[in-house]
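Everything below concerns the one structure shown next.
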Amino acid sequence: MIKVENIHKSFGQEEILKGISTTFERGKTNLIIGQSGSGKTVLLKCLIGLFKPDEGFIYYEDKAIQKMNDEEQRVLREEIGMLFQGGALFDSMTIEENVMFPLRMFSKQKKSQMLDRVNEVLKRVNLEDVNKKFPSEISGGMQKRVSIARAVVNNPKYLFCDEPNSGLDPKTATLIDNLIQEITHEYNITTVVVTHDMNSVMEIGEKVVLLKKGKLVWQGDNQEIFKTDNEDVTQFVYSSDLFKKIREVQLKEKE
Amino acid sequence: MKYLEDIGSYFLMLKRVFSSFTKRSVLRELIFKELDDLIIDSLGIVCFISFFVGGVIALQTALNLNNPLIPKALIGFATRQSIILEFAPTFISIIMAGKVGSFITSSLGSMRVTEQIDALEVMGINSLNYLVFPKIVALMFYPFLIALAMFLGILGGWMAGVYGGFTSSTEFISGLQDDFIPFHLFYAFLKTFVFAFILATVPSWQGYYMKGGALEVGKASTNSFVWNSVLIILTNYIITQLLLS
């Protein structure tokens, strides 16, 4: 579990996060949603330690990341898997080397054991026969799956995903969403996904946190989000044409 | 103020480069890869330029020797002095600032833009040690490249002088041996080490801390070449003043 307590973060004069408090639960896919510029990615980068909050605390299983020494932070980072928006695969390495990378850096396994594990996770993300290819030789969707494989190869306790289905076609996006949720349940990890895709909210939003202009304005699950009367939620959810139509149908049915 | 900040961030980067070391076996592989990218891949251009510039120095000296009282051995002497003291260490380093410097800046800049550096940091890896330290170690082999440039430059001079009919082989070699001061080699290689450090770290700093997208990667590469050249020329002046004047 990750607990966020009163997080503030500013860049220059501009306050991006304004006192955010919430919890991200273990074994669930926790979604941070909001419009562009609402502070989702900044919050995610604070969670993974790429940004230091100006105020407030982030607790990993009751231990504040700000109070950890360098060694504790290093150990914590070994327990974190991250799926970046663009995949962030290392261009100079093959797919196999990319996925094996965390194992080579942190485990003392033999190469044959590492290879077995790599093949196991690649199979888990439905990728086979790509081991010797380079990231530039596979599609965007496949790159995302490789990135997921790399994120989970070292059995992390926490998985963070920054807009995992951006730039993907709807079918591949759903596939990636489902994969993230399956892995979350299978490995019982705490997963935090940043997205503005309502399809993802519907598919995998076991806990949803809505940010607006740096403030947390609503939290609940993917069932509650369609029932709430919270104005910020309805504005966000029904901003797309598809959901507007659904809303109109719902309101007609109510009448 | 901005310059002071930049200098501060450069030295802070150096501090981080030499802390939290990456696993030794991984580091060893990275050093060999950098040796290949930075040194071995530069062999061709360095050999080509050194050989022909050595030839041109010999030709220019020979063509300007109009006085019959000046011995032809001066061709060998002038070639040796020019190549060892300045051409090989300094001008090859300026060329390397363009080749190796731009390569380092653009590769690190691209890694920054595509979040690969963030990925390393999230994994708990000291990205500066992982990315920059192997480059510094690899470029400590740079003096071997300069030694080769010296040899080929003089060989080019000998061939241009002898086969161009400007001097005899004996005269050229006699000129090479005249008033040879071994300290000049020490001076040349000392500054080569300093240039190697500049070549590894300044472009790394430019690439690692760049912000923006593809356009900024290009700008950072250009800046890297400019700053590398300026620093190499300035350091050359200071070292020459300290050691030879």
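Only the coordinates and a few stated rules stand behind these numbers; no lab work does. The structure displayed is predicted, hence computed values, not measured ones. Please note: Cβ atoms are built from the backbone with ideal geometry, for glycine as well, and neighbour counts cover all protein chains shown.
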Quick check: net charge around A:ASN222, other residues with Cβ under 13 Å of its Cβ, Lys/Arg +1 and Asp/Glu -1?
-3
Partner chain coverage, peptide B:112-118 - average Cβ within 10 angstrom:
5
Helix axis angle, A:140-152 relative to chain A longest principal axis, alpha carbon, degrees
70
Mean residue ellipticity (222 nm) of the protein assembly as shown, computed from DSSP H runs ≥ 4 via -39,500 (n - 2.57), nearest 500
-18500 deg cm²/dmol
Which whole number gives the average, over all residues in A:149-161, of C-beta atoms from other chains lying within 10 Å of the residue C-beta?
1
Send over the Kirkwood Rh of chain A, from the inverse of the averaged 1/r over different Cα pairs, rounded to one decimal Å.
19.1
Burial order of peptide ranges A:87-94, A:146-153, B:36-43, B:95-102 (average beta-carbon count within 10 Å, highest first):
A:146-153, B:95-102, A:87-94, B:36-43
Reachable lysines, given that their alpha-carbon falls under 21 Å from the alpha-carbon of B:LYS2 and they are not under 8 places away in the same chain:
B:LYS15, B:LYS211, B:LYS219
Treating the angle as unsigned and between 0 and 90°, give the value, to the nearest 10°, between the Cα long axis of helix A:170-187 and the longest Cα principal axis of chain A.
70
Normalised by the residues of chain A, what does the relative contact order come to in percent, with Cα pairs under 8 Å and at least six apart?
27
By average Cβ neighbour count within 10 Å, what is the ranking of B:144-151, A:53-60, B:5-12 from highest down?
B:144-151, A:53-60, B:5-12
If unit charges are put on Cβ atoms (+1 for Lys and Arg, -1 for Asp and Glu) and the dipole of chain B is taken about its Cα centre, the option from B:PHE91, B:SER107, B:LEU4 lying farthest towards the positive end turns out to be B:LEU4
For chain A, find the longest principal axis of its Cα atoms and tell me its angle to the long axis of helix A:111-124, 0 to 90°, nearest 10.
30
I'd like to compare A:73-81, A:131-139: which one has the highest average count of other Cβ atoms within 10 Å, and what's the full order after that?
A:73-81, A:131-139
Listed by chain and number, the residues whose amide H is under 5 Å from that of B:PHE21, excluding neighbours fewer than 5 places away on the same chain and using placed H, are none
All other residues with a Cβ under 14 Å from the Cβ of B:CYS47 taken together, and with Lys, Arg as +1 and Asp, Glu as -1, what is their net charge?
0
How shielded is B:120-131 by partner chains, expressed as the average number of their Cβ atoms within 10 Å of its Cβ atoms?
5
Which lysines, if any, have their Cα less than 24 Å from the Cα of A:LYS3, not counting same-chain residues under 8 positions apart?
A:LYS18, A:LYS28, A:LYS40, A:LYS45, A:LYS52, A:LYS63, A:LYS67, A:LYS157, A:LYS207, A:LYS212, A:LYS213, A:LYS215
Given charges of +1 on the Cβ of Lys and Arg and -1 on the Cβ of Asp and Glu, with all other atoms neutral, how large is the dipole of the range A:97-255 about its Cα centre, in debye to the nearest 20?
740
Kyte-Doolittle mean at least 0.0, axial Cα span of 20 Å or more - DSSP H helices of chain B:
B:2-17, B:43-63, B:142-163, B:182-208, B:214-244
